[in-house]
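The block underneath contains the structure these notes are about, expressed in structure tokens.
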Amino acid sequence: MAKNIQAIRGMNDYLPGETAIWQRIESTLKNVLGSYGYSEIRLPIVEQTPLFKRAIGEVTDVVEKEMYTFDDRNGDSLTLRPEGTAGCVRAGIEHGLLYNQEQRLWYVGPMFRYERPQKGRYRQFHQLGVEVFGLQGPDIDAELIMLTARWWRELGIASHVALELNSIGSLEARATYRDALVAFLEQHKDKLDEDCLRRMYTNPLRVLDTKNQDIQTLLNDAPKLGDYLDDESREHFAGLCAFLDDAGIAYTVNQRLVRGLDYYNRTVFEWVTTSLGAQGTVCAGGRYDGLVEQLGGRATPAVGFAMGLERLVLLVQAVNPEFKAESVVDIYLVASGANTQSAAMQLGEQVRDALPGVRLMMNHGGGNFKKQFARADKWGARVALVLGESEIADGNVVVKDLRSGEQSTVTQDSVAAHLRALLG
Ligand code: ATP
Ligand code: MG
């Protein structure tokens, strides 16, 4: 017998038992986005490779070693998107959404990175991203953070995430800082590991978020990015902190917080948790005022973030098990006796017409009462409708409340009203 073909390593199936909690979490996230007036944008999963090279930067983990890149049949180099911002900016420029306009956008979907799969880190994973264009003040940076804080409250995880904040200044300020940092690193070359040595000249700021503890200790004496900020970035950051203080949102300023992607300036932030082990960053973002121009559009201020949904789902399951998915079914329709199936299916349609949004599952495949009621239980139904030959003959149906066990026989014409009262 042929060997079974299995899913690709790091690319998960999300089975029916899990999709319910995903849907509930996603609808909570989407409702909050709606309550701030943000609109969805849907983008392709594949883009031309140069888009990511230009947007993310050649010397980043993502571009250097994590992209799924291939030639299509024309010989064009294409890449499965490793993140959403580049495609969003590409679309905004292409459709003239950005210049001199305000856009508050969000998207959700799969992203692809060739990484070592482990808990909270996969090769296909899902992000919800938010991008705002055309607003340059710190008030909008603050709104994004307030929006995320509202998510945490609604998901019941607020006490398990912490906000880290930094400003990485303007491109120019960062260039000056980079020189100072490289000078410092050069003096301590012998203490750097291979990764940091490689980054030292190509992308020295990334040395700041090394996981190597000895190097972290060494960095205590390194020049501080905060001392190199330009006045405008400093003012912007003070403004952001004041908005957050007024909103009662706690944060820690982490001077070593830089971002893996090159296009950020000024504000960077991360929501982190200690409840998930090593993969602790749930949500990360910041301001990227230079990216639109870098990709060929007219200069447009922009700020955004991306949240990893697998990590969010893991966190909700770990710290707020109450936040369960609802059952799949409200009403289970039991049909018993010869030639009752078609009449029962018609009654099911009638109930669905009368009670939109109520979830009615029809029994299929026959079975005695006991079997059918066991199925009603399995799907978590609150009410069973029972239709047998005598009910059909009389135009009736039995309504059984599966919690209290009470049951009554009602006319089929009035069943929707009974169900409405029962289900509340
Ligand atoms: P990390 O340091 O964990 O690799 P990153 O800096 O590469 O994160 P971003 O590119 O900022 O991550 O992506 C934003 C968020 O997307 C992360 O904070 C995380 O929640 C999620 N994420 C990133 N890569 C993965 C992955 N391979 N699997 C699952 N979630 C991921
Ligand atoms: Mg990464």
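Within segment 234-274, the set of residues being at pLDDT below 95 and among the small types (Gly, Ala, Ser) comprises just one member, 260. Within the option set 317, 255, being in a helix (DSSP H, G or I), more than 14 Å from ligand 2 (Cβ to nearest atom) and open to solvent by 20 Å² or more (accessible area, probe 1.4 Å) holds for one residue only, 317.
Candidates in segment 280-294 are the residues that are open to solvent by 20 Å² or more (accessible area, probe 1.4 Å) and either in contact with a strand residue (DSSP E or B) (Cβ under 9 Å, 6 or more places away or on another chain) or at pLDDT 95 or above (or both); of these, the one that is nearest to residue 116 (Cα to Cα) is 281. In segment 76-97, the residues that are within 16 Å of ligand 2 (Cβ to nearest atom) reach residues that are among the basic types (Lys, Arg) and at pLDDT 95 or above with C-beta atoms within less than 6 angstrom, at least six apart or across chains, in these pairs: 82/113. Does segment 130-150 contain at least one residue that is within 12 Å of ligand 1 (Cβ to nearest atom) and in a strand (DSSP E or B)? The answer is yes; a qualifying residue exists.
For (1) open to solvent by 30 Å² or more (accessible area, probe 1.4 Å); (2) within 16 Å of ligand 2 (Cβ to nearest atom), each residue gets a yes or a no:
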| residue | (1), (2) |
| --- | --- |
| 124 | yes, yes |
| 160 | yes, no |
| 163 | no, no |
| 166 | no, no |
| 169 | no, no |
| 182 | no, no |
| 202 | yes, no |
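Considering only residues that are outside any loop (DSSP other than H, G, I, E, B), open to solvent by less than 40 Å² (accessible area, probe 1.4 Å) and more than 16 Å from ligand 1 (Cβ to nearest atom), which ones fall in segment 79-102? Residues satisfying the conditions are 91, 92. Among the residues of segment 1-51 satisfying the criterion of being in a helix (DSSP H, G or I) and either in contact with a Gly (Cβ under 9 Å, 6 or more places away or on another chain) or among the β-branched types (Val, Ile, Thr) (or both), which is most open to solvent (accessible area, probe 1.4 Å)? The residue in question is 19.
Cβ-Cβ distances below 8 Å connect the following pairs, each with a first residue in segment 196-207 that is aromatic (Phe, Trp, Tyr), a second residue that is open to solvent by 20 Å² or more (accessible area, probe 1.4 Å) and in a helix (DSSP H, G or I), and a separation of six or more residues or different chains: 201/182.
The values are calculated or read from the model by the stated rules, or taken from the named source; none is laboratory data. Bear in mind the structure is a predicted one, so any value in this text is a computation, not a measurement. Neighbour counts are summed over all protein chains in view; Cβ atoms, including those assigned to glycine, are modelled from backbone coordinates with ideal geometry. Only protein heavy atoms, including side chains, enter the accessible area calculation; ligands, DNA and RNA are left aside. Shrake-Rupley method; radii C 1.70, N 1.55, O 1.52, S 1.80 Å.
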